[in-house]
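Written out below as structure tokens is the structure these notes cover.
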Amino acid sequence: MEEKVETPVTVAPTMTVETTSAEEAETKVAVACPPKKVEATNKQAEEEVKTTETSSLLGMVEAYVEIKASAEKFHHMFTAKPHHVSKVSPGNIQNCELHEGDWGKPGSIIFWNYFHDGEAKVAKERIEEVDPEKNLISFRVIEGDLMKEYKSFLATIQVTPKHGGTGSIVHWHFEYEKISEEVAHPETLLQLWVEMSKEIDEHLLSEE
């Protein structure tokens, strides 16, 4: 039985962030876009979401998500089997196709169908970097809905084993350049990937 708690947090005029907790889960969420910062806590996994600006248009958001699965298995999902993510998180990802190259190889092109902010959207991404030793993979968005608001968008996923215990920490990192100051930071998109990380973790654990 899950208990859902919603904590609306105002980080800027007309901008709110909500966190949801479940039984047996501990979550720490911090959203920062200097000088704004806010924190909320729940149970079991620890997430930290940050937003920083280096100029009016350049920005970066990142999140740390604690999972129970191994770093290698989570990394393998995004390198060798990203097309399986739609089965694991169908509410967020509807489809993932390989358009050019090979799964998990730099230079390869992947096309995503996803659901974000109440709308069906698409993204074509090029794999920029893959480092199996660091369990790291980077995707650069080259076409799709994000390109309507951002001149550039790079997403990096790195998974590291937890020190002194089982499980791993998933680090999501977005770097981007907005087309104008009116464009919002992609915090809601980051929250989508945080939610998806938890669903992937549950799937990987069920396979053990």
- Message: So, in segment 147-196, exactly how many residues are of a type in the set (Gly, Ala, Ser), in contact with a Ser or Thr (Cβ under 9 Å, 6 or more places away or on another chain) and outside any loop (DSSP other than H, G, I, E, B)?
- Response: 2
- Message: With the structure loaded, tell me whether His75 is modelled with pLDDT of 95 or more, in contact with a strand residue (DSSP E or B) (Cβ under 9 Å, 6 or more places away or on another chain) and more than 23 Å from Glu202 (Cα to Cα) or whether it fails that test.
- Response: no
- Query: Within segment 145-165, which residues are open to solvent by 30 Å² or more (accessible area, probe 1.4 Å) and of a type in the set (Gly, Ala, Ser)?
  - Reply: Ser152, Gly164, Gly165
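Okay, residues lined up against (1) surrounded by fewer than 17 Cβ atoms within 10 Å (Cβ to Cβ); (2) without any contact (Cβ under 8 Å) to a residue 60 or more places away in the chain; (3) under 24 Å from Glu207 (Cβ atoms); (4) out of contact with any Lys or Arg (no Cβ under 9 Å at 6 or more places or on another chain):
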position	(1), (2), (3), (4)
Ile67	no, no, yes, no
Ala80	yes, yes, yes, yes
Pro106	yes, yes, no, no
Phe111	yes, yes, no, no
Glu119	yes, yes, no, yes
Arg126	no, yes, no, no
Val130	no, yes, yes, no
- Task: For segment 166-186, name all the residues that are out of contact with any helix residue (DSSP H, G or I) (no Cβ under 9 Å at 6 or more places or on another chain) and buried (at least 20 other Cβ atoms within 10 Å of the Cβ).
- Result: Lys178, His185
- Read through the list (1) within 17 Å of the chain's Cα centre (by Cα); (2) farther than 19 Å from Phe174 by Cα; (3) aliphatic (A, V, I, L, M), then give the number of the only condition that Leu98 fails. (1)
- Looking at (1) loosely packed, with under 15 Cβ neighbours inside 10 Å; (2) part of a loop (DSSP other than H, G, I, E, B); (3) in contact (Cβ under 8 Å) with a residue 24 or more places away in the chain, find the lone condition where His99 falls short. (2)
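The values are calculated or read from the model by the stated rules, or taken from the named source; none is laboratory data. Since this is a predicted model, take the numbers as computed values, not measurements. Here the Cβ is made from the backbone with ideal geometry for all residues, glycine too, and neighbour counts use every protein chain on show. To get the accessible areas, we keep the full protein, side chains included, count just its heavy atoms, and leave off ligands, DNA and RNA. Shrake-Rupley method; radii C 1.70, N 1.55, O 1.52, S 1.80 Å.
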